[in-house]
1. Can you say whether residue 788 is buried (at least 24 other Cβ atoms within 10 Å of the Cβ) and either among the β-branched types (Val, Ile, Thr) or in contact (Cβ under 8 Å) with a residue 24 or more places away in the chain (or both), as far as the supplied structure shows?
2. I'm checking my understanding of the structure. Among residues of the stretch 733-746 that are of a type outside the set (A, V, I, L, M, F, W, C) and surrounded by 14 or more Cβ atoms within 10 Å (Cβ to Cβ), which one is modelled with the lowest pLDDT?
3. From the list 128, 147, exactly one residue is among the aromatic types (Phe, Trp, Tyr) and modelled with pLDDT of 90 or more. Which is it?
4. Just for the stretch 409-423: of the residues that are exposed (fewer than 12 other Cβ atoms within 10 Å of the Cβ) and more than 30 Å from the chain's Cα centre (by Cα), which one is nearest to residue 381 (Cα to Cα)?
5. Is it true that residue 475 is modelled with pLDDT of 90 or more and out of contact with any Phe, Trp or Tyr (no Cβ under 6 Å at 6 or more places or on another chain)?
6. Could you name every one of the strands (runs of 3 or more DSSP E) located completely within the stretch 138-252 that has at least 2 residues being closer than 30 Å to residue 357 by Cα and either under 20 Å from the mean Cα position of the chain (by Cα) or basic (Lys, Arg) (or both)?
7. What strands (runs of 3 or more DSSP E) completely inside the stretch 611-722 contain at least 1 residues that are modelled with pLDDT of 85 or more and among the hydroxyl-bearing types (Ser, Thr, Tyr)?
8. Restricting to the stretch 673-727, and then to whatever is of a type in the set (S, T, N, Q) and closer than 28 Å to residue 786 by Cβ, can you tell me which residue is most open to solvent (accessible area, probe 1.4 Å)?
Amino acid sequence: MTAVVKARAGSPCGNARFHRKLQWPIWLRKLDDVLIKVTQRQPTAALYAMSTFLAMGLLFVLINALGANVPSPRHENLGSDVASMADGMSEVEYNPYAKNEKKRLAIIIPYLPPSEGAPTFPPYFDLFAMSAAGSAADIDYLIFHCFIPPSLLPNPDTLPSNVKLIDLNGQDSEGEHECGMAKLFTRVTDQRQTDNLMQTPLPRLISRLSKQIVNVPYILVEYKPAFGHIFADYLKEYSHWGYSDLDVVFGDMSRWIDEDEWNDYDIVTWGFGDQDKLYLRGQFTFHRNDPHINQIWRHCKYLSEMDIRYAHPDTLKFESAEGCYSQAVITKKDIKVKWAVKAFTDVGEDSPVYAQGVYFSLGSPPSLTSSKSYNPKSVLYTAATVDSGHQLLSLPYDWFEDKSKYPKYSEGHLPIQRYVGERTKVQTYRTLYENGDKKSADIKCMYWAPKTYQMDICTVDGDVESDEVVVLEKGALYKQKFVERKKLFPEGIKSFPFFHFQEWKRIYRTTELLPSHNIRHTNTMPGLIITKEGTLPLFSIASVSGWKFRNGAPWSSSLSSTWMSADTGSTLTRPTSNKFCLDSSPKGYPKAATVCTVSASWPQPGVDYASTSLDESTSLIILRSPAELSKTKTTVRGRKTDIKSMAWWDEKLIDANIDVTLTLTLQISSKHMKEKSIVRHLLALADTNIYMWGSRQPSVLLIHVDSSNEEEPHLLSQTIQTIKDTFGPNDTSSSPAHLRNSLVAILDSYEPTVSRKGLLNMATFAAPTRWIVSGLELERGLVLSKEASVYAMREARTYADMHGHVLVIPQFASTQDDTRDGKDMNKFPKNRLIFSSVGAD
């Protein structure tokens, strides 16, 4: 009390007030003490704590407010009810994606799987979707599809919120499956229906169009100009609509769309510097969502009078929308159109993308204060020339966030391109023709469009250069040069809004693009390098944001390690969802392309994977997995219950960052099955290699068996039983100890043999570790040496902080079984087969 009195002695009335206070009731004195502490000049520790608590609470409220009303990233299969929108269903009833933004673009992409291929999206779909997420602030991608079963649709948990899968599958009057897309597309005949001019009755027209789009899905591109009319019911809340394709990687679209393109122009199309041909690019063109603009396509009779075309289906010919529609737009005098030079493509092998690849960066990962709607950027860049690739090696992946070096990139309102010089008129060959040059009627600058339209589309040779933007205003065409602003991009670097890989897609397979799967979902690496051969992870030149380091040493907190999640899409509880092609046949076109005829995938959690049917010709049986050895506790109706883990691997047995997985494959044909001794010999080979590898490190064994011999079905069941007896389920008391860290599965198909590489890819992507050893050919009788496992582990630890994979080559193996010393066979488990090298050479 003395201290308090002295602290306030400087006040003239301090002592008098103190004596009066002694006469107050106790509760009033305590309240006065609290008020004195609160009003002191130096806050107390308690006040600091209270202020901090209140500030944290306010911050939490703000963060949740920022993330409120954000569309969920989950996308359920919308089902056949969406197709009923063609019958007049209202927007509010059927469209769950309605938005109220003043400026928002809907990119429409209808898709049907090829008739001779697998009923699924193309292998590069994940690459497309992952890149589309970067433009979520301004663009939605509406993917209308048919004939893809729900089991083969992309994982809804990994799709960006602005990529909308809309299922148009339905049923006809007889209960047969049909696609609602044809019914939607026949909307282009609505005026002729009203005027009762249809030469092909509507039901017959729908039927014929349905058959044609199933057999030749590519003809869907004919209808791109009319998408604003066909899908009008989906576009009511969008200010703009456009079209593109799935073979496109999108960059920082929000940064590249200029304000004048949003506000001043009715149609905008982005080209590759070939705007001397004034066609509207199918890769990316967008329109102002206006009733007048949405009806320009009616100039094209192949659309507005399609009932006449389909009255004679045997004479139908493909019509490129880039011909007729472009002419219709150019001849309009009451609209404004812009042909900009912004896109990038893989056409031309002298392009730097063939030497350096395309770099795709997400920028900085979201922070703790980021709202729920936060989406990392999508920034595309490469070397400006073939010879400036060295610039990429020293460039940070997040260079565009450095405001000190590139301040203008973050100024979103500032156009990337700046006009220079004067604006001058553009001449087309139509102008020359009208001035008396009749030879202009024979001009053809586009091989894929009819000559009828080309006088209006083709500019006079040499009149428009690659660095000039062309615009249409009041019926007149103008051109003007542009340059990119300085301090936007690093020296020697070229950036662009999207990359069209129209050539590379022909050779892309799923396994070549695996790093692009779930890259945003797992937040594991800052980007990709896209090449002709596939995609590679992009890492920082300084450190890897996804990998964790502790005291300078690599450290992994769980089996869902950075590399595993980023490279394969696998996690501890969810195996990779990729489908692996095990057999293929050549396509007629394009040359060297193939069609997958047999495919398989690992089962997903929630599926009883003891025996899983993958398609009509394959099935998978998982005999054992390490996680099934352990039980987990859960509460069921108030009781503690043991349940089996849905994971494959036991986290206690594996360090995903420094352990090495041995991946083995084995093919047993119907010819092998006829000799029991051969089957046992092959299984002994696999078992011996796992034994030599040891239970300290994980192993995967995938066995393919031929089930095509329908005349002797007992051989298949006999062989499968032998495999089960050898590798046994985990609950077998006599199960050998060396198998406790092994995943063993049987894959059977109606093919006598499948692709060894395909089977090995499938086995590899079940591995739970960053490091793998693969490629050992068991059929040649090879057995690992005792030192192989030790050497592999030592290499992994030595190079653990290295970015990427290390392949352990050579494979220390021979045709001699080092486990058989002939002296003391009792030291081996009773149930372990002993491989004999006799005849293996």
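The values are calculated or read from the model by the stated rules, or taken from the named source; none is laboratory data. Not measured: the values here are computed from a predicted model. Positions of Cβ are generated from backbone atoms using ideal geometry, with glycine treated the same way; all protein chains shown enter the neighbour counts. All accessible areas refer to the heavy atoms of the entire protein, side chains included, with ligands and DNA or RNA removed. Shrake-Rupley method; radii C 1.70, N 1.55, O 1.52, S 1.80 Å.
1. So residue 788 fails the test.
2. Restricting to residues being of a type outside the set (A, V, I, L, M, F, W, C) and surrounded by 14 or more Cβ atoms within 10 Å (Cβ to Cβ), the top hit is 735.
3. Result: 128 is the single residue among 128, 147 that is among the aromatic types (Phe, Trp, Tyr) and modelled with pLDDT of 90 or more.
4. 420
5. It is true that residue 475 is modelled with pLDDT of 90 or more and out of contact with any Phe, Trp or Tyr (no Cβ under 6 Å at 6 or more places or on another chain).
6. In the stretch 138-252, the matching strands (runs of 3 or more DSSP E) lie at 139-145, 163-167, 240-244, 248-250.
7. The strands (runs of 3 or more DSSP E) meeting that bar are 660-668, 699-706.
8. Among those that are of a type in the set (S, T, N, Q) and closer than 28 Å to residue 786 by Cβ, it is 677.
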